[in-house]
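No value in this document is a laboratory result; all are computed from the given coordinates. What you are looking at is a predicted structure, and each value in this text was computed from that prediction instead of being measured. Here the Cβ positions follow ideal geometry from the backbone for every residue, glycine too, while neighbour counts run over all protein chains shown.
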């Protein structure tokens, strides 16, 4: 398996992943953590295709991200480069490729109903599915971050990029927060990880 991927994914997922990666023109690279994305796919100028995945993902998020990116490759191969990145062709491909993994040999039982619900209509990022994202985070290595939904109104917090915000009110799904420096209002998903200042 390319770049020793077996150490990053659940054991029972490995045979199917090996089968999916049997392409001479598909390269998978493991990258250091990127704050803005878990992985990406792109066709290269030399005719090959490249997938990159963050090395710090837990095995379940790593597998979902890997299949997400393989779905981009397969949709590109089948439908060409003019399809929408996360349009119908990609969604159907992602659902089809993910199906063999949605079983208790690969994922813990408590994740399976959340995954089944997510894959009815997969989004561009699993992080936008708050319930699934929070469930997946329980398998991450411990860190000193707090979820934004845990913060009291009026508290101050900092993001990874150093920007400081004050916690505001909850809208229907997201939280309204004011950037201290600019006074601009930003909306945050409840599962956003932040550093509490006070």
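Here the label points at residue 186 and residue 50, each 7 Å from Cα along the C-beta direction, are separated by 2.8 nm in the simple model. Our estimate of slack between residue 179 and residue 117, defined as 0.36 nm per intervening residue step minus the Cα-Cα distance, is 18.9 nm. FRET efficiency for the pair residue 153 and residue 24, taken as 1/(1 + (r/R0)^6) with r the Cβ-Cβ distance and R0 = 41 Å, rounds to 0.15. Taking each DSSP H run with n ≥ 4 as -39500 (n - 2.57) and averaging over every residue of the chain yields -8000 deg cm²/dmol at 222 nm. Once you order the gyration tensor axes a ≥ b ≥ c over the Cα atoms, which shape class does the stretch 146-196 get: rounded for a/c under 1.5, otherwise prolate or oblate by comparing a/b with b/c? Oblate shape, in that a/c is at least 1.5 and b/c is the bigger or equal ratio.
With the convex hull constructed from alpha-carbon coordinates only, the chain shows a mean projected area of 12.6 nm² over all directions. With both bridge residues required to lie in the chain, what share of the DSSP beta bridges run antiparallel, to the nearest 5%? Percentage antiparallel, nearest 5: 75. Note: relative contact order over the stretch 45-163, using C-alpha pairs below 8 Å and six or more positions apart, is 21 percent. Here the contact order of the stretch 146-196, divided by its residue count and restricted to Cα pairs under 8 Å and six or more residues apart, works out to 41 percent. Extension gain for residue 164-residue 146 works out to 5.0 nm (0.36 nm per residue, less the C-alpha to C-alpha distance).
Note on residue 110 and residue 138: the model spin-label points, each 7 Å out from Cα along the C-beta direction, lie 0.2 nm apart.
Annotation: the residues 155, 7, sorted from fewest to most other C-beta atoms within 10 Å of their own C-beta, follow the order 7, 155.
The angle between the Cα long axis of helix 88-98 and the main principal axis of the chain comes to about 80°, on a 0 to 90 degree scale.
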